[in-house]
Amino acid sequence: MTSSYPTSIRPSATEIKNRQLTPQNLEIAIRSLYHDGLVVVENAVPHAALDRLNEKMVRDAYALQSRKENSPYNYNRGNIQQDSPPVKDYFDRDIFLNPIATQITTTALGPRPKWTFCSGNTAMPPTADCPPTSQPVHSDADFDHPTHPFAYVVNIPLIEMTPENGSTEIWLGSHIDSGLHVQEGRHGERASGRIKLDELEKRRAIRPPCQPVVPKGAIVLRDLRLWHAGIGNQTDEVRVMLAMIHFAPWYRNPMRLEFAESVRSIMEKQDGLEVPVDWVTEEDAMSRYLNPNATAPPATPPAIAAVFVEDAVEDGEGTIELVDEVVIEVDNDAESDVVVLIGDDVDDAVEDDIVVEEETKCLSLRQDLVQRCATHVSIRVDLKPLRVLITAEKVYRKIQIPGTIHTTLFLGL
């Protein structure tokens, strides 16, 4: 039986100094990603940079945990989705723009992969209210996706990651068969992308999962399609693991990052990645990164940054270009407006002058009209004007479109 433990590359002192793997080690990394869907590269990040960021993010983690049911948890309250501070004081190139990580993803995906997701997964110490609890085994690619590699997650634990403090359970080789046919749970739900139990047992007989020890300073590159599960932390120490996603340059992904202006000078010095960024003030960046509802004005929505039409519109060719609004050009000059509403639920929408349908009606429309395809959502709009609520990462777009249209919307994940 093939080993359940990942390949771990230990770069030489020369490789670390040059910030590049040799062709031999690069080949090992690519081969491991192809066969296993994951590879570990040790000693890639200086410990001092990790320590400084960890101190800040541990404090933030406790602040997020105190919100209880309102915390941004994944599957259970012991596993928190936590962003890093998007400001220069905590933005270290060796962490967020790691040259070895970029070398590997560039080799695997093509020149200048697109970095459009930056967050983290934090395993909290157990409490009486929240004992150690594991996530269901799932795939992050909980949408209709290519069958070949299109995105890699760059995970960087800020401390050593062990089975005791919640090292991620990984199912090596599972990226080969990770489509919707093996999943359950609708995209956008907290528990989406769960792998069906019978599929887990089939896979276990071929190659069981493991919880590897990942040393401090290592980077982990994981195929977005790979099956995995967050495991409960049984220690008294918070375990933060950063997660950045590099997408293939050809993959149509409209997501954007948000950083403070102070990071711009660092970002503009690198050319290995394409990084779509919305630049904001330091004050706005620090006030929002732990409070996703305190978002920017609707003109720059954080999760869905672009929508366009691919199919023809009845009575004319349709084109959509989204900056602050969407206009559909047809023969009769009809127009449609897109209004961005931001909130935890429909009732929290921040646009006072927009009447929001009651939540149940909107959810019913979404169930009927939005297919479970995440990046490719097909919608049929009838002759009568119809308002449709589309959700993605707590961002709501209400679309009113006159006329008859069959179109495809491309949404951020």
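Structure notes:
- Taken together, the criteria place VAL263 among residues that are touching a Phe, Trp or Tyr at 6+ places or on another chain (Cβ under 6 Å) and buried (at least 21 other Cβ atoms within 10 Å of the Cβ).
- Close pairs (6 angstrom Cβ cut-off, 6 or more residues apart or separate chains): more than 17 Å from VAL238 (Cβ to Cβ) in the range 129-140, at pLDDT 85 or above and of a type in the set (Lys, Arg) anywhere: PRO136/ARG194; HIS138/ARG194; SER139/ARG225
- Of all residues in the range 212-252, those that are assigned to a loop (DSSP other than H, G, I, E, B) and either touching an Asp or Glu at 6+ places or on another chain (Cβ under 7 Å) or hydrophobic (A, V, I, L, M, F, W, C) (or both) total 14.
- For THR122, the criteria (1) crowded, with 24+ Cβ neighbours inside 10 Å; (2) more than 17 Å from ASN233 (Cβ to Cβ) hold in every case but one, which is (2).
- Tabulated pairs, the range 1-22, first part of a helix (DSSP H, G or I), second among the β-branched types (Val, Ile, Thr), C-beta under 7 angstrom, 6+ apart or interchain: GLU15/THR22
- When the range 33-44 is filtered for residues that are under 22 Å from the mean Cα position of the chain (by Cα) and either surrounded by 18 or more Cβ atoms within 10 Å (Cβ to Cβ) or at pLDDT below 95 (or both), the ones remaining, listed by number, are LEU33, ASP36, GLY37, LEU38, VAL39, VAL40, VAL41.
- Screening ARG203 against (1) within 20 Å of PRO6 (Cα to Cα); (2) of a type in the set (Lys, Arg); (3) buried (at least 22 other Cβ atoms within 10 Å of the Cβ) leaves a single unmet condition, (3).
- Of the residues in the range 147-159, none is more than 30 Å from THR22 (Cα to Cα) and touching a Leu at 6+ places or on another chain (Cβ under 8 Å).
- Filtered residues of the range 38-76 (kept if assigned to a helix (DSSP H, G or I) and among the aromatic types (Phe, Trp, Tyr)): TYR62
- When the criteria are applied in full, PRO72 fails the requirement of being under 28 Å from GLU258 (Cα atoms), in contact with a Phe, Trp or Tyr (Cβ under 6 Å, 6 or more places away or on another chain) and surrounded by 13 or more Cβ atoms within 10 Å (Cβ to Cβ).
Residue-wise test of (1) part of a helix (DSSP H, G or I); (2) in contact with a His (Cβ under 7 Å, 6 or more places away or on another chain); (3) modelled with pLDDT of 95 or more; (4) closer than 25 Å to GLY272 by Cα.
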{"position": "GLY78", "(1), (2), (3), (4)": "no, no, no, no"}
{"position": "SER84", "(1), (2), (3), (4)": "no, no, yes, yes"}
{"position": "THR105", "(1), (2), (3), (4)": "yes, yes, yes, yes"}
{"position": "CYS118", "(1), (2), (3), (4)": "no, no, yes, yes"}
{"position": "PRO131", "(1), (2), (3), (4)": "no, no, no, no"}
{"position": "HIS148", "(1), (2), (3), (4)": "no, no, no, yes"}
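Residue-by-condition table, conditions (1) closer than 12 Å to SER174 by Cα; (2) without any contact (Cβ under 8 Å) to a residue 60 or more places away in the chain:
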position	(1), (2)
GLU199	yes, yes
LYS202	yes, yes
VAL214	no, no
GLY217	no, no
VAL220	no, no
ASP223	yes, no
HIS228	yes, no
GLU237	no, no
VAL240	no, no
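- Filter result for the condition that a residue is crowded, with 20+ Cβ neighbours inside 10 Å, aliphatic (A, V, I, L, M) and either in contact (Cβ under 8 Å) with a residue 40 or more places away in the chain or farther than 20 Å from PRO11 by Cα (or both), over ALA49, ALA61: ALA61
- Number of residues in the range 180-200 that are surrounded by fewer than 14 Cβ atoms within 10 Å (Cβ to Cβ), under 20 Å from TYR75 (Cα atoms) and modelled with pLDDT under 90: the value is 2.
- Conditions (1) within 29 Å of ASP51 (Cα to Cα); (2) surrounded by fewer than 19 Cβ atoms within 10 Å (Cβ to Cβ): number failed by ALA243: (2)
- Only residues that are in contact with a helix residue (DSSP H, G or I) (Cβ under 8 Å, 6 or more places away or on another chain) and of a type in the set (Ser, Thr, Tyr) were counted in the range 100-134, giving 2.
- Output for the range 1-14, where each listed residue is touching a strand residue (DSSP E or B) at 6+ places or on another chain (Cβ under 9 Å) and modelled with pLDDT of 95 or more: TYR5, PRO6, THR7, SER8, ILE9, ARG10, PRO11
The values are calculated or read from the model by the stated rules, or taken from the named source; none is laboratory data. Being a predicted model, the structure only gives us computed values, none of them experimental. With ideal geometry, Cβ positions are generated from the backbone for all residues, glycine too; neighbour counts draw on all protein chains shown.
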